[in-house]
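First the structure, in the form of structure tokens, and then the observations on it.
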Amino acid sequence: MTEPTSTPPAADAPSKPAMALRAQYVKDLSFENPRAPASLFGLKEAPQMEVSINLGAQKLDENVVELAMQISVRAIAEKTTIFLADLVYAGVLELRNIPAEQQEQIIFVAGAQLVFPFARRVLADMTRDGGFPSLQLEPIDFAQMYAERRKRESA
């Protein structure tokens with residue numbers, strides 16, 4: 001019986017571009033329920049939700065970036081703030097073999113798509129623990145968000 005052989009990749013063979021999520025964490029978290037306990041009872045209408053999402057990135061090392069996603073939610077009913085929720089959720093991304101001119105888009109689109117589901121879960125748990133139905137944010141088109149940002153910057 002012969003042992004299988006494997007040939008090591010050629011030293012000059014290009015490696016595939018890749019991004020890895022190395023860590024993720026809550027960086028900042030705030031929930032305000034200013035009218036509790038009255039806000040928990042007797043709402044005559046479903047609250048209107050004002051949601052804003054901002055992304056920021058900072059380089060930590062040669063190929064390592066922290067992507068911070070800030071999500072702010074304000075629930076309003078009967079012209080009154082019912083609750084305020086603020087979250088900054090971050091992920092540490094390692095970029096390998098990604099050309100410099102593509103890194104920003106990869107971070108703010110693909111990186112945000114990796115981090116968002118976890119931030120969404122934290123917000124859902126936070127609103128539920130605040131006494132309200134779990135807030136379920138809709139999926140976000142980070143590619144469109146990035147394109148709009150680039151368009152504003154170039155204007």
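The values are calculated or read from the model by the stated rules, or taken from the named source; none is laboratory data. Here the structure is a predicted model, which means the values were calculated and not measured. For neighbour counting, all protein chains shown are included, and Cβ atoms are generated from backbone atoms with ideal geometry for every residue, glycine included.
Observations, loosely collected:
- Against the test of being under 21 Å from Tyr146 (Cβ atoms), touching an Asp or Glu at 6+ places or on another chain (Cβ under 6 Å) and hydroxyl-bearing (Ser, Thr, Tyr), the options Ser52, Ser72 yield a single qualifying residue, Ser72.
- In segment 44-58, of all residues being in contact with a strand residue (DSSP E or B) (Cβ under 6 Å, 6 or more places away or on another chain) and of a type in the set (D, E, K, R), the one that is modelled with the lowest pLDDT corresponds to Glu45.
- Only listed residue being touching a Ser or Thr at 6+ places or on another chain (Cβ under 7 Å), touching a residue at least 12 places away in the same chain (Cβ under 8 Å), closer than 15 Å to Ser30 by Cα and not aromatic (Phe, Trp, Tyr), chosen from Ala119, Ala85: Ala85
- One residue from Arg128, Arg96, Arg120 being closer than 28 Å to Lys16 by Cβ and not aromatic (Phe, Trp, Tyr): Arg96
- Taken together, the criteria exclude Asp61 from residues that are at pLDDT below 95 and out of contact with any strand residue (DSSP E or B) (no Cβ under 9 Å at 6 or more places or on another chain).
- Restricting attention to segment 73-94, the residues that are crowded, with 16+ Cβ neighbours inside 10 Å, within 30 Å of Ala36 (Cβ to Cβ) and not aliphatic (A, V, I, L, M) add up to 5.
- Checked against (1) within 30 Å of Ser134 (Cβ to Cβ); (2) surrounded by fewer than 13 Cβ atoms within 10 Å (Cβ to Cβ); (3) over 22 Å from the mean Cα position of the chain (by Cα), Pro47 passes all but condition (2).
- In segment 78-106, residue modelled with the lowest pLDDT [restricted to those that are small (Gly, Ala, Ser) and more than 20 Å from Glu138 (Cβ to Cβ)]: Ala100
- Within segment 44-73, the set of residues being of a type in the set (D, E, K, R), over 16 Å from Ala119 (Cα atoms) and in a strand (DSSP E or B) comprises Glu50, Lys59, Asp61.
- Qualifying residue in segment 134-143 (condition: outside any helix (DSSP H, G or I), surrounded by 15 or more Cβ atoms within 10 Å (Cβ to Cβ) and of a type outside the set (Val, Ile, Thr)): yes
- Matching residues in segment 130-155 - criterion: being of a type in the set (D, E, K, R) and free of Cβ contacts under 8 Å to residues at least 24 places away in the same chain: Glu138, Asp141, Glu148, Arg150, Lys151, Arg152, Glu153
- Segment 82-107 - residue that is in a helix (DSSP H, G or I) and of a type outside the set (Asp, Glu) and, of those, nearest to Ser134 (Cα to Cα): Ile107
- When segment 8-43 is filtered for residues that are part of a loop (DSSP other than H, G, I, E, B), at pLDDT 75 or above and under 30 Å from Gln102 (Cβ atoms), the ones remaining, listed by number, are Ser15, Lys16, Pro17.
- Complete set of residues in segment 14-40 that are in contact with a Leu (Cβ under 6 Å, 6 or more places away or on another chain) and over 18 Å from Ala124 (Cα atoms): Met19, Leu21
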